[in-house]
Amino acid sequence: MGNASGKKESDNLYSSDELRMLEAAYKNASGGALEKLTSDRLVETWSQTIERTLAESTAQFLFMPTKPGQQCINIQLRKFAEPYYAMERGTIDQKLQLLLSSLQKSGSSDTFNIKQLEQYIYSVIKSYIHLESTSKGSCIKPWQDLGFNTTERSTVTFVKGLMRNLGKEMEHNMTNEALERWLHITPQFLQIWREVFVQLYSRHGGSKRIIIKEMEIPILPELCDAPQNSHYRPIMELPHVLYINAQLPREHRHKWRFLFSSKINGESFSTMLGKIMDKGPTLFFIEDEDQYIFGGYAPESWSLKPSFGGDDTSLLYTLSPAMRCFSATNFNNHYQYLNLNQQTMPNGLGMGGQFDFWGLWIDCMFGDGQSVESCTTYRDYVQLSKRKQFKIRNLEVWAAGDLPVKDEDEEGGEGQKRSVLDSNLEDRAMLEIAGKKMHSDGLREPGMDD
């Protein structure tokens, strides 16, 4: 009768599909016994799907006594479903209570050690990677097949990157109020946290993941146009991809398209430009000689011009040894610059800062770069590389989102044919670097404009 009562109370909280899934998950966790779901049994069952520490901390929430001195031995369906409800429909306050009750507290009731939060986030991230890796149809497999790993170091760095919004709170015991503020300003953690619990209940309920919201924002992008070269070794790891993807505009998070790697395409500025120009928003990832990893997001397609372009969705970021992201201040609009064969202006690709004092600079003489100590274009900016003038060890460029579709004006208008060099951007860039004027821009073959 106990579980029947719990079922009746739950009827109005969930759809019929969800209720069937939750009942099946409850029976699975209890070994088929409707009223005998114990903490030990739950932990053993859920540890097959998520990190054991996350299963234990969630069991702590579920079996927490309602009164001091009491002991909660069994739980009913309604209580069992509370983490699912909190993640899928709950308010920030309900999520906060789940997190607080899941953390092993020390000291007073309104504070806890920051290490406890770090360990909890770590278990959520590890659980997410495992769930995706064992999920049919997940987009994680192409990334893993291409060599994108998940190491202890990158996972811990990702966790610290998510916690960076805590600021000075990271060095001390944390108050409940500070944790609530952090949840409000860290949507990436909320999204991954939700995905873990929804997948957990769905797996053990023997059903496919039930999508409640009409618009799902991708956590991990689809990998497109993967390099076929067997010598390809990615600069990044999966936690890096997860971290950066969440910083992008929502409309560009669903897909990353591989464009260029200095290891397989060669250390050539002209080759790089030929791969990245007119490809839409791009992501740069640079590994320098000190093994720092950093880069930038350029929201507009690259084109050669003597002025700055881009908009305030532009970003600079570091990935190793620390994950940080720097958004625009709107102090200036120096978001992206690309120019060649100039005597009085810089020749290369730059993001942020000003001429000769760049937030990120890649010189046209491929291999040299710059990242200065201060850059007013980006908020809370710190130097990306270990040294102001750095040497590029490896460089990759990816496009974010779909390939932009050119309109007729960009194509040259209806009925107009294009020069060969209009489509061969690599040769075009090579001629620009060599200082050759593009005569085909003004002089075309007879009949091309008829």
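The values are calculated or read from the model by the stated rules, or taken from the named source; none is laboratory data. Keep in mind that what you see is a predicted model, and the values were worked out from it rather than measured. For neighbour counting, all protein chains shown are included, and Cβ atoms are generated from backbone atoms with ideal geometry for every residue, glycine included. Keep in mind that these areas ignore ligands, DNA and RNA; they rest on the heavy atoms of the full protein, side chains included. Shrake-Rupley method; radii C 1.70, N 1.55, O 1.52, S 1.80 Å.
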Tally Lys/Arg at +1 and Asp/Glu at -1 over every other residue whose Cβ is under 13 Å from the Cβ of residue 158; what's the total? +2
Per its Cα gyration tensor (rounded if a/c is under 1.5, else prolate when a/b beats b/c, else oblate), the stretch 217-326 is best filed as rounded
Looking at the stretch 312-395, which trypsin sites (Lys or Arg not before Pro) are DSSP coil and have at most 15 other C-beta atoms within 10 Å of their C-beta? 379, 386, 387, 388
Which of the peptides 356-362, 286-292 is most tightly packed, and how do the rest follow, going by the mean number of other Cβ atoms within 10 Å of each residue? 356-362, 286-292
Quick one: in the stretch 144-269, what % of C-alpha pairs are over 27 Å apart? 35
HN-Hα J in Hz across the stretch 85-100 - Karplus 6.51, -1.76, 1.60, θ = phi - 60°, x for Gly and Pro: 4, 4, 6, 8, 10, x, 7, 4, 5, 5, 5, 4, 5, 4, 5, 4
How much net charge surrounds residue 52 when only the other residues with a Cβ under 11 Å from the Cβ of residue 52 are counted, with Lys and Arg +1 and Asp and Glu -1? -2
Interchain or long-range residues, amide H under 5 Å from residue 328's placed H: 379
Could you tell me whether the stretch 312-388 comes out rounded, prolate or oblate from its Cα gyration tensor? Rule is a ≥ b ≥ c as square roots of the eigenvalues, rounded for a/c under 1.5, then prolate if a/b exceeds b/c, otherwise oblate. oblate
Normalised by the residues of the stretch 220-325, what does the relative contact order come to in percent, with Cα pairs under 8 Å and at least six apart? 22
Do any GluC sites (Glu not before Pro) in the stretch 213-285 lie in a DSSP loop with no more than 15 other beta carbon atoms within 10 Å, and if so, which? 214, 216, 267
Probe 1.4 Å, protein heavy atoms only - accessible area per residue of the stretch 260-366 in square angstrom: 35
Averaged per residue, what accessible area in Å² does the stretch 74-150 show with a 1.4 Å probe, protein chains only? 43
Simple label model, 7 Å out from Cα along Cβ direction - residue 60 to residue 24, nm: 3.2
